[in-house]
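The values are calculated or read from the model by the stated rules, or taken from the named source; none is laboratory data. For clarity, every value in this text was computed on a predicted model and none was experimentally measured. Because the Cβ atoms are built from the backbone with ideal geometry, glycine has one as well, and the counts that use them run over all protein chains shown. Keep in mind that these areas ignore ligands, DNA and RNA; they rest on the heavy atoms of the full protein, side chains included. Shrake-Rupley method; radii C 1.70, N 1.55, O 1.52, S 1.80 Å.
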Amino acid sequence: MRIRYTALAALLALCACARQEAPPAPAAAAPAASETSTAAPATAATTPSAEARSPQSETEQATASQESGDGDSDHQAARSDASLEKIAGAAPAASLPGGKWQAGVNYDPVVPAQPTGVAPGKVEVMEVFWLACPHCYAIEPRMRSWLKTKPAYVEFVRVPVIWQQVHRVHARLYYTLEALGRDDLVSKAFDTIHQDLENRQPPLIGDSDDATYRMQQQFATQNGISADDFSKAYNSFSVSSNMQRAEEITQRYRVQGVPFFVVNGKYSFDVAKAGSEAKLIELINDLAAAEHTH
């Protein structure tokens, strides 16, 4: 299968850290978490009269409150956020530093809360990222520094976003390096890709699947990995399984931009919501601490 785009078109696509087309609508029977709000229940084309309406569930009340444009919007938003956090099983707002963070402003409650893969007593902090994203690259040194000082109960998980083929090939490279136990080369891949972008060169991606494979294999062999070991990992079942999981997570959280963060499957946010890169780390630590004591 050929990727079939010009080098210039690829470079332009790679400069974007946001999804380029609207995500597919989720199936009504399988609510998914949203970056900006709850997974809203399906509604009929016509609205029944007040007398005909059935009692709303707590999830529906909270969601309707968020979507309402009534004059008492601030009061409704506060009720909605509190209801959503309760439904999500999130830690009470009182366990967060008073007045520092606000649901719906600095983070969004994920409803329903999503399962994590960490052991009991651990709190998962997940970053959805892309090796070719300049914003992910810019925040990388801060994340690396945080990893050295993060609480022991925090388990950091990275998931490469998968929107299109260009994201898919970089995701496979990431999982291949991970399978080979070469986390150090993730930073090297970041550097190489962004140097290539600055030089307007294809960033570890060719004009076909085979060309991409050979380019990434060359990167690996230049950094101490044998061609055979790279090939085995690249085509392994574990890498393919991780790729499928990454695509599911991208869709489940309706990721529209990267870097994107989720704490313990219950709170989603990005740098803009946190307020700055420094505040992002504070928000991660405070939400993780609240979950740990919840």
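General observations
- When residues of region 102-117 are limited to those that are open to solvent by 30 Å² or more (accessible area, probe 1.4 Å) and among the hydrophobic types (A, V, I, L, M, F, W, C), the one farthest from R142 (Cα to Cα): A113
- Selection over region 90-118 of residues that are within 27 Å of L185 (Cα to Cα) and modelled with pLDDT of 95 or more gives a count of 2.
- When V239, V255 are checked against the criterion of being at negative phi, outside any helix (DSSP H, G or I) and among the aliphatic types (A, V, I, L, M), V255 stands alone in meeting it.
- Yes/no for N223 being among the polar types (S, T, N, Q) and part of a loop (DSSP other than H, G, I, E, B): yes
- Count - residues of region 259-274 that are under 20 Å from G99 (Cβ atoms) and assigned to a strand (DSSP E or B): 3
- Residue that is farthest from the chain's Cα centre (by Cα) [pool: residues in region 239-248 that are of a type in the set (A, V, I, L, M) and surrounded by 19 or more Cβ atoms within 10 Å (Cβ to Cβ)]: V239
- Members of region 138-150 found to be small (G, A, S) and either in contact (Cβ under 8 Å) with a residue 12 or more places away in the chain or surrounded by 13 or more Cβ atoms within 10 Å (Cβ to Cβ) (or both), listed by number: A138
- Residues in region 226-236 that are surrounded by fewer than 19 Cβ atoms within 10 Å (Cβ to Cβ) and of a type outside the set (D, E): S226, A227, S231, K232, N235, S236.
- Matching residues in region 156-165 - criterion: being surrounded by 21 or more Cβ atoms within 10 Å (Cβ to Cβ) and either among the aliphatic types (A, V, I, L, M) or in contact with a Cys (Cβ under 6 Å, 6 or more places away or on another chain) (or both): V159, V161, I162
- Inside region 118-137, residues that are open to solvent by less than 60 Å² (accessible area, probe 1.4 Å) and either assigned to a helix (DSSP H, G or I) or among the aliphatic types (A, V, I, L, M) (or both) make up a count of 10.
- Screening V262 on (1) over 26 Å from L177 (Cα atoms); (2) in contact with a strand residue (DSSP E or B) (Cβ under 6 Å, 6 or more places away or on another chain) shows it passes everything except condition (1).
- Residue-level check: of (1) in contact with a helix residue (DSSP H, G or I) (Cβ under 9 Å, 6 or more places away or on another chain); (2) surrounded by fewer than 20 Cβ atoms within 10 Å (Cβ to Cβ), L185 misses just (2).
- The residues of region 198-215 that are surrounded by fewer than 18 Cβ atoms within 10 Å (Cβ to Cβ), in contact (Cβ under 8 Å) with a residue 60 or more places away in the chain and not in a loop (DSSP other than H, G, I, E, B) amount to a single one, D209.
- Subset tally (residues that are closer than 17 Å to V110 by Cβ and either surrounded by fewer than 18 Cβ atoms within 10 Å (Cβ to Cβ) or of a type in the set (S, T, N, Q) (or both)) for region 258-291: 2
- Here Y153 does not fit the description of being closer than 27 Å to P120 by Cα, open to solvent by less than 20 Å² (accessible area, probe 1.4 Å) and either free of Cβ contacts under 8 Å to residues at least 12 places away in the same chain or not β-branched (V, I, T) (or both).
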